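Participant: Have a look at this one before I ask anything.
The values are calculated or read from the model by the stated rules, or taken from the named source; none is laboratory data. As the structure is a prediction and not an experimental result, all values here were calculated from the model. Cβ atoms come from the backbone with ideal geometry, glycine included; neighbour counts cover every protein chain shown.
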Amino acid sequence: MNVCTLLGKAIGGGWILASTSDDPYTVRNQLVCESTTPYCYLAVRVVTDDPTQGVPWDHMLTRGLNSAGLAYTYAYVHEQGNEQLPPQAWAPKILARVATVQGAIEFLQAEVGRILSGNYLFCDAQGSAAAVEVSRTEMRVAPVEEPSVVRANAWQILQQPATDAWGAETAMQRASRARLLLGDGTRDMSRLLDAMRDHIDDGADGNRQYGISICNHGRAEGTISAELLDSNGLRLWWTYGWPCGQVRGYERPARVPWGRFLAFEISKVRGSGEVTTLDGEITPLGIPLIEEVEGRSSRA
């Protein structure tokens, strides 16, 4: 569940967040939109393989961007008892009601004990960003002052649970690699796109259930989607499947990746519902939201 790599970079006076969603391949993600007040939004919804399990992350909005420019993304950190938490109904509320990082921090603080444990990155249109660590009993905030920020499936401030599951065993490696990729001083979106597609496994992920790369090609678990959240441009760039666009052949079950990111425009949201299907098809509601296709301008 949401074994992910989170990145953020200061670009042009604002922040862009980027993240991969790594899950068992039986889990699927889709893009949804909501036309509401005071803020409409686009978000990524995760749908588990077995809805009868009633796990709290089923249908959770794990990443999102609203029309005020508030954006967030999330990486799971495992604690015993998370499976008994209620469904994560807070996410639509924060997207519909909150405009700033500070407001989001205050909102989450009031929800501690009901929120899935993990790392949350936030940014807003005012140029603020924060890394928030949430456990079952407490929350810690690390204001972001450097030109980039990286998190994975391990805390840096809170006491780390003893586990080698849920991506914890590769979290340090993925985070270290991401910091290296973002540390060259380049201040444009290309570094984030390159990081989403980065492979460091030298082809060895074919022997692992879950891989070690940011663009993760484990046999049974790996990257099922990825996104960039632009708080100033009010665009959510999303791609279905492996960001590199390639299938190596051993992934089971495999899916057909888009191979490019599409920018969906918040200002064009006029309704509520599915922007993409669980199989990566763009819906009639989603087509008018497309503002740009990676590598070329596109007016849909």
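Participant: Residue by residue through the stretch 173-221, note down the ones that are over 21 Å from GLY241 (Cβ atoms), touching a strand residue (DSSP E or B) at 6+ places or on another chain (Cβ under 9 Å) and of a type in the set (A, V, I, L, M, F, W, C).
Facilitator: ALA175, LEU182, listed by residue number.
Participant: Read through the list (1) over 20 Å from GLY12 (Cα atoms); (2) assigned to a strand (DSSP E or B), then give the number of the only condition that TRP237 fails.
Facilitator: Evaluating TRP237 over (1) over 20 Å from GLY12 (Cα atoms); (2) assigned to a strand (DSSP E or B) leaves (1) as the failure.
Participant: Do you know which residues across the stretch 204-233 are touching a residue at least 40 places away in the same chain (Cβ under 8 Å) and surrounded by fewer than 21 Cβ atoms within 10 Å (Cβ to Cβ)?
Facilitator: The answer is GLY206, ILE212, ALA220, ASN232.
Participant: Now for a separate question. I'm trying to understand the selection: among the residues of the stretch 20-60, which are touching a Phe, Trp or Tyr at 6+ places or on another chain (Cβ under 8 Å) and within 22 Å of GLY259 (Cβ to Cβ)? Even if it seems obvious, please write down each step before you answer.
Facilitator: Initially, the stretch 20-60 is screened for residues touching a Phe, Trp or Tyr at 6+ places or on another chain (Cβ under 8 Å), giving 22, 29, 31, 33-34, 42, 44, 46, 48, 57.
Within the stretch 20-60, ASP22, ASN29, LEU31, LEU42, VAL44, VAL46 qualify.
Participant: I've got another one for you. Give the residue that is nearest to GLU292 (Cα to Cα), with candidates limited to residues of the stretch 263-279 that are surrounded by 14 or more Cβ atoms within 10 Å (Cβ to Cβ) and acidic (Asp, Glu).
Facilitator: Across the stretch 263-279, the extreme among qualifying residues is GLU265.
Participant: Quick check on the stretch 74-82. Is at least one of its residues at pLDDT below 90, charged (D, E, K, R) and under 21 Å from ASN153 (Cα atoms)? Step through it out loud before you land on a result.
Facilitator: Going through the stretch 74-82, the residues at pLDDT below 90 turn out to be 78-82.
From what is left, the residues that are charged (D, E, K, R) are 79.
Next, only the ones that are under 21 Å from ASN153 (Cα atoms) stay: 79.
Yes, the stretch 74-82 contains at least one residue that is at pLDDT below 90, charged (D, E, K, R) and under 21 Å from ASN153 (Cα atoms).
Participant: Scan ARG252, ARG191 and give me the residue that is assigned to a loop (DSSP other than H, G, I, E, B), touching a Lys or Arg at 6+ places or on another chain (Cβ under 7 Å) and at pLDDT below 95.
Facilitator: ARG252
Participant: Further, regarding this structure: Can you confirm whether PRO257 is closer than 18 Å to VAL46 by Cβ and out of contact with any His (no Cβ under 8 Å at 6 or more places or on another chain)?
Facilitator: Details: closer than 18 Å to VAL46 by Cβ: yes; out of contact with any His (no Cβ under 8 Å at 6 or more places or on another chain): yes.
Against the criterion (closer than 18 Å to VAL46 by Cβ and out of contact with any His (no Cβ under 8 Å at 6 or more places or on another chain)), PRO257 qualifies.
Participant: Please determine, by comparing only the residues of the stretch 83-103 that are closer than 23 Å to ALA171 by Cβ and either aliphatic (A, V, I, L, M) or in contact with a helix residue (DSSP H, G or I) (Cβ under 7 Å, 6 or more places away or on another chain) (or both), which one is modelled with the highest pLDDT. Outline the logic, then answer.
Facilitator: Step one: filter the stretch 83-103 for residues closer than 23 Å to ALA171 by Cβ, giving 83, 85, 88, 91.
Next, only the ones that are either aliphatic (A, V, I, L, M) or in contact with a helix residue (DSSP H, G or I) (Cβ under 7 Å, 6 or more places away or on another chain) (or both) stay: 85, 91.
Values: LEU85: 87, ALA91: 95.
Among them, the one singled out is ALA91.
Participant: Scan (1) of a type in the set (A, V, I, L, M, F, W, C); (2) more than 25 Å from ASP49 (Cβ to Cβ); (3) surrounded by 13 or more Cβ atoms within 10 Å (Cβ to Cβ) for the single condition ILE282 breaks and write down its number.
Facilitator: (2)
Participant: In addition: Do we have any residue at all in the stretch 108-119 that's part of a loop (DSSP other than H, G, I, E, B), at pLDDT below 95, closer than 22 Å to LEU229 by Cβ and among the hydrophobic types (A, V, I, L, M, F, W, C)?
Facilitator: Yes.
Participant: Let me ask you something else. Could you look through the stretch 144-169, keep only residues that are in contact with a Phe, Trp or Tyr (Cβ under 9 Å, 6 or more places away or on another chain) and at pLDDT 85 or above, and pick out the one that is surrounded by the most Cβ atoms within 10 Å (Cβ to Cβ)?
Facilitator: Filtering the stretch 144-169 for residues in contact with a Phe, Trp or Tyr (Cβ under 9 Å, 6 or more places away or on another chain) gives 144, 149, 151, 153, 161, 166-167, 169.
Next cut, at pLDDT 85 or above only: 144, 149, 151, 153.
On the way: VAL144: 19, VAL149: 24, ARG151: 29, ASN153: 27.
Within the stretch 144-169, the match that is surrounded by the most Cβ atoms within 10 Å (Cβ to Cβ) is ARG151.
Participant: For the stretch 126-151, give me each residue that is out of contact with any Lys or Arg (no Cβ under 8 Å at 6 or more places or on another chain), of a type in the set (D, E, K, R) and assigned to a strand (DSSP E or B).
Facilitator: ARG140, ARG151
Participant: So, in the stretch 224-283, how many residues would count as being among the charged types (D, E, K, R) and in contact with a Pro (Cβ under 8 Å, 6 or more places away or on another chain)?
Facilitator: At the first step, the residues of the stretch 224-283 found to be among the charged types (D, E, K, R) are 227, 230, 235, 248, 251-252, 255, 260, 265, 268, 270, 274, 279, 281.
Checking which are in contact with a Pro (Cβ under 8 Å, 6 or more places away or on another chain) leaves us with 268, 270.
Result for the stretch 224-283: 2.
Participant: I'm trying to understand the selection: among the residues of the stretch 1-19, which are in contact with a Lys or Arg (Cβ under 9 Å, 6 or more places away or on another chain) and among the polar types (S, T, N, Q)?
Facilitator: THR5, SER19
Participant: Just checking, which of LEU31, LEU17, LEU7 is crowded, with 19+ Cβ neighbours inside 10 Å, assigned to a strand (DSSP E or B) and touching a helix residue (DSSP H, G or I) at 6+ places or on another chain (Cβ under 6 Å)? Spell out how you get there, then give the answer.
Facilitator: Working: LEU31 fails: touching a helix residue (DSSP H, G or I) at 6+ places or on another chain (Cβ under 6 Å); LEU17 fails: touching a helix residue (DSSP H, G or I) at 6+ places or on another chain (Cβ under 6 Å).
LEU7 is the lone residue from the list that is crowded, with 19+ Cβ neighbours inside 10 Å, assigned to a strand (DSSP E or B) and touching a helix residue (DSSP H, G or I) at 6+ places or on another chain (Cβ under 6 Å).
Participant: Please determine whether any residue of the stretch 55-68 is surrounded by fewer than 22 Cβ atoms within 10 Å (Cβ to Cβ) and at positive phi.
Facilitator: So far as the stretch 55-68 goes, yes, one or more of its residues are surrounded by fewer than 22 Cβ atoms within 10 Å (Cβ to Cβ) and at positive phi.
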